[in-house]
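The values are calculated or read from the model by the stated rules, or taken from the named source; none is laboratory data. These numbers were taken from a predicted model, which means no experiment stands behind them. We place every Cβ from the backbone using ideal geometry, glycine too, and count neighbours over all the protein chains shown.
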Amino acid sequence: MISPGRYVQGKGAIRELGTYAKQLGNAPLIVADDLVWGFVGHDIEASLKAAGLPVRREKFNGIPSAKEIDRLVGVIKETGSDVAIAVGGGSTIDAVKAAGFLADIRWANCPTVASTDAPCSALSVIYTETGEFEEYRFFPRNPDLVLVDSQVVANAPVGLLIAGVGDALATWLEARATSRSNSKTMAGGVPTVTGTALAKLSWEVLWENAIEAVDAVKDKQVTPAVEKVIEANTLLSGLGFESGGLAAAHAIHNGLTAVPQTHGLAHGQKVNIGSVTQLVLEGAPSSDIRDFVEFTTRVGLPNTLSEVGLRADDAASLAIIAEAATVPGETIHSMPFEVSAGDVASALASIERMSAGIRERAGLPAPRPYVAADHH
């Protein structure tokens, strides 16, 4: 069981970043892109100055690629920084974790969105310069601090919170499969009951609060439901996926990045396609699949191929995705049964008609085809 050193969440928490950063080092390097810095830079500067810390900010260039990480390592060494603090989304966080590890300093995360469970984990997802999944990098420890300002999260586009729900819903489905197969988790051993229980709690909190929280964030409000969903998306899902285990849903996400049609989509949107496909692979009870499709449609997540720019009859693209999802070492092999590329391609092809039918019978909106804008 592994976890971050300290987790802080609440309205206005960003104004306390200096207080917590001072416990970690005397020369912080803040890494944030221009957009994020535009709306939180002022509060962070004030907070660091109040704690007697220097204000140094380095611009993040958008993709956590090996090249960008090496560039950040150079900046850390040049500036003599002793703690790297990521401010932004999952990409910024993944780049800073990797750079902090290589530079051998402490690292902290200040997520401005609740769109993935990246902030708490001891791993980074590395992409090529063009945005294709390249590798997971694992670190011997988790971030020293994760600090989330709930109001900053509520001010971000609601689609990011929705994507986070998609990422976090997979946590229990994957931890359940890992626990059944007794496979190893990202924490380095077989799952503890603690990790598996936290994954399940994440699922329960989301089913109870996600729809209400999404409505509140549409109006940029922080309510108890919003606080619970931020915690489920960030902390519970982070601990649950890492110490509970990943299985088919995230492997299928990684497969989806291998085709250009999906490049404009958020991580959690692709993960949700992975979750529906995992339920099909498991031969889950039809009532479970129906409930999941209806719930994720109401939340605003995609559960058909057309919503992620794919077609059930595009056998070539589905084969590429299925091959990438089942390469040796991929987390799909934590499922409690053998899964082949052919199995994945068939399950993927089946979700279009299945999910669309469930939505129609429930009187929910029909899938709207997604057209990828020019990516990167």
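Sort out which residues of region 222-239 are among the hydrophobic types (A, V, I, L, M, F, W, C) and surrounded by 24 or more Cβ atoms within 10 Å (Cβ to Cβ), and write them in order of number. I'd like the intermediate steps shown before the answer.
To start, the set of residues in region 222-239 that are among the hydrophobic types (A, V, I, L, M, F, W, C) comprises 222, 225-226, 229-230, 232, 235-236, 239.
Scanning region 222-239 gives Val226, Val229, Ile230, Ala232, Leu236, Leu239.
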## Note on the structure
In the set Ser183, Ser202, Ser237, the lone residue that is touching a Leu at 6+ places or on another chain (Cβ under 6 Å), among the polar types (S, T, N, Q) and at negative phi is Ser202
### Task
Could you please find all residues in region 115-141 being surrounded by 23 or more Cβ atoms within 10 Å (Cβ to Cβ) and either part of a loop (DSSP other than H, G, I, E, B) or not assigned by TED's automatic domain parsing to the domain that holds Asp94 (or both)?
Ser115, Thr116, Asp117, Ser121
### Query
Being farther than 14 Å from Leu235 by Cα, assigned to a loop (DSSP other than H, G, I, E, B), among the hydrophobic types (A, V, I, L, M, F, W, C) and in the same structural domain as Pro328 (by TED's automatic domain parsing), is that true of even one residue in region 211-221?
no
### Query
Does Asp288 fit the bill of being modelled with pLDDT of 95 or more, of a type in the set (Asp, Glu) and under 23 Å from Ile211 (Cα atoms)?
yes
